[in-house]
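> After the structure tokens below, expect a handful of questions from me.
The values are calculated or read from the model by the stated rules, or taken from the named source; none is laboratory data. Being a predicted model, the structure only gives us computed values, none of them experimental. Because the Cβ atoms are built from the backbone with ideal geometry, glycine has one as well, and the counts that use them run over all protein chains shown.
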Amino acid sequence: MLHQQTIEKLHILRLRGMLEALEEQSKQPEASSLSFEERLGMLVDAEWLQRQNRALARRLKHARLKQSACLEDINYRHARELDRSQMRSLVDCQWVVQHQNVLITGPTGIGKTYICCALLEKACREGYTVSYARAPRFFRELSVAYVDGSFDRLLTRLARTDVLAVDDWGLVALNDAERRYFLEVIEDRHGSRSTVLTSQFPVETWHDLIGNPSIADATVDRLVSNAHRIELKGESLRRPEPGPRKNGSTELDPSSPAQEAQASRSKGRKEVKP
């Protein structure tokens, strides 16, 4: 009776991790040999882990990453001048703690989006809030918000997001309104949050992409002054490499059947962990 009352109270308190761990302990005869402190510790650990898992799942869902990616699976074999030591320096997410930016440039198919999503996935695992968007959708959301009166609320939400990523930036020339919107977003985040941009165009050409010299100076200066620059070069990863693929890297062509199969397997086997 006492055991059933405890289970009901755990249900009411929504302590699902402790409840599942308690039921698991009741099925294991050897658990009775553990001390009260040991069994209580196991229950608390189970509850803590489940809450961390749920929080991570929420952060990943909110991030809306374009593809499943992680830093451990980045392909360093492909000749694209990706600096392994630079990537290693980003693993601990100190760049997020210090409110630094990451600018990833290179030709199409070189893996910019994968590296971007891998950095964002790691930030989510470290407990930071993340938002990913391709540039066309990002500027469309800003324009719609300006028209329907929710622009200030959107700016506030973006300013509170720990890591904002804009993918494929610069593919389409910005109009006057988009230049001003983008500067407001970057100004709000400068020195207080981190921004990740990917672009096919070198940073040195971004002034021309923005257009207006004054706005371009203000925007690029805020992006570059405290940024890690990952400048990729070489052939597209979408081109098949000769010979059998070696183990140790799962960064493939994101549009290929092999990548889709890899992503499917990853979703099936990866348990959300803190």
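Yes or no, residue by residue, for (1) within 30 Å of LEU232 (Cβ to Cβ); (2) within 36 Å of the chain's Cα centre (by Cα); (3) surrounded by 13 or more Cβ atoms within 10 Å (Cβ to Cβ); (4) in the same structural domain as ASP167 (by TED's automatic domain parsing):
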| position | (1), (2), (3), (4) |
| --- | --- |
| HIS11 | no, yes, no, no |
| GLU23 | no, yes, no, no |
| GLN28 | no, no, no, no |
| LEU34 | no, no, yes, no |
| GLU47 | no, yes, yes, no |
| HIS78 | yes, yes, yes, yes |
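> Here are ARG59, ARG54: which of them is among the basic types (Lys, Arg), out of contact with any helix residue (DSSP H, G or I) (no Cβ under 6 Å at 6 or more places or on another chain) and assigned to a helix (DSSP H, G or I)? Outline the logic, then answer.
Details: ARG59 fails: out of contact with any helix residue (DSSP H, G or I) (no Cβ under 6 Å at 6 or more places or on another chain).
The match here is ARG54.
> Free of Cβ contacts under 8 Å to residues at least 12 places away in the same chain and among the basic types (Lys, Arg): does that describe ARG193? Step through it out loud before you land on a result.
Numbers: free of Cβ contacts under 8 Å to residues at least 12 places away in the same chain: no; among the basic types (Lys, Arg): yes.
The answer is no for ARG193.
> Can you run down the residue pairs with Cβ atoms below 7 Å, 6 or more apart or on separate chains, where the first is in the stretch 40-68 and more than 18 Å from LEU19 (Cβ to Cβ) and the partner is modelled with pLDDT under 80 and in a helix (DSSP H, G or I)?
GLN67/ALA263; SER68/ALA263; SER68/SER266; SER68/LYS267
> Just need a number here: residues in the stretch 142-179 that are touching a helix residue (DSSP H, G or I) at 6+ places or on another chain (Cβ under 7 Å), surrounded by fewer than 15 Cβ atoms within 10 Å (Cβ to Cβ) and of a type in the set (Asp, Glu).
The qualifying residues number 0.
> Name, by its number, the condition in (1) of a type in the set (Lys, Arg); (2) at pLDDT below 90; (3) surrounded by fewer than 13 Cβ atoms within 10 Å (Cβ to Cβ) that does not hold for ARG59.
ARG59 satisfies all of (1) of a type in the set (Lys, Arg); (2) at pLDDT below 90; (3) surrounded by fewer than 13 Cβ atoms within 10 Å (Cβ to Cβ) except (3).
> Still on this structure: Taking the condition out of contact with any Lys or Arg (no Cβ under 7 Å at 6 or more places or on another chain) and in a loop (DSSP other than H, G, I, E, B), does LEU49 pass?
Details: out of contact with any Lys or Arg (no Cβ under 7 Å at 6 or more places or on another chain): yes; in a loop (DSSP other than H, G, I, E, B): no.
The answer is no for LEU49.
> Listed residues ARG84, ARG54; which is within 24 Å of ALA123 (Cα to Cα) and outside the structural domain of THR105 (by TED's automatic domain parsing)?
Numbers: ARG84 fails: outside the structural domain of THR105 (by TED's automatic domain parsing).
None of the other options fit; the residue is ARG54.
> Additional query: If we only count helices (runs of 4 or more DSSP H) wholly inside the stretch 133-239, which ones have 3 or more residues that are more than 20 Å from THR108 (Cβ to Cβ)? It would help to see each step written out before you state the result.
On the way: elements: 135-148, 151-160, 176-189, 206-210, 213-224.
Helices (runs of 4 or more DSSP H) meeting the threshold: 135-148, 151-160, 176-189, 213-224.
> Of the residues LEU103, LEU142, which is assigned by TED's automatic domain parsing to the domain that holds LYS233 and more than 19 Å from ILE230 (Cβ to Cβ)? Break it down into steps so the answer makes sense when it comes.
On the way: LEU103 fails: more than 19 Å from ILE230 (Cβ to Cβ).
When all the criteria are applied, what remains is LEU142.
> Would you mind finding the one in GLN52, GLN4 that is out of contact with any His (no Cβ under 6 Å at 6 or more places or on another chain) and under 30 Å from ASP167 (Cβ atoms)? I'd like the intermediate steps shown before the answer.
Details: GLN4 fails: under 30 Å from ASP167 (Cβ atoms).
Being out of contact with any His (no Cβ under 6 Å at 6 or more places or on another chain) and under 30 Å from ASP167 (Cβ atoms) holds for just one of GLN52, GLN4, which is GLN52.
> Would you tally the residues in the stretch 85-110 being within 13 Å of SER194 (Cβ to Cβ) and either in a helix (DSSP H, G or I) or of a type in the set (Phe, Trp, Tyr) (or both)?
Matching residues across the stretch 85-110 total 5.
> If VAL97 meets every condition in (1) within 19 Å of ILE186 (Cα to Cα); (2) among the hydrophobic types (A, V, I, L, M, F, W, C); (3) surrounded by 13 or more Cβ atoms within 10 Å (Cβ to Cβ) apart from one, which number is that one?
For VAL97, the exception is condition (3).
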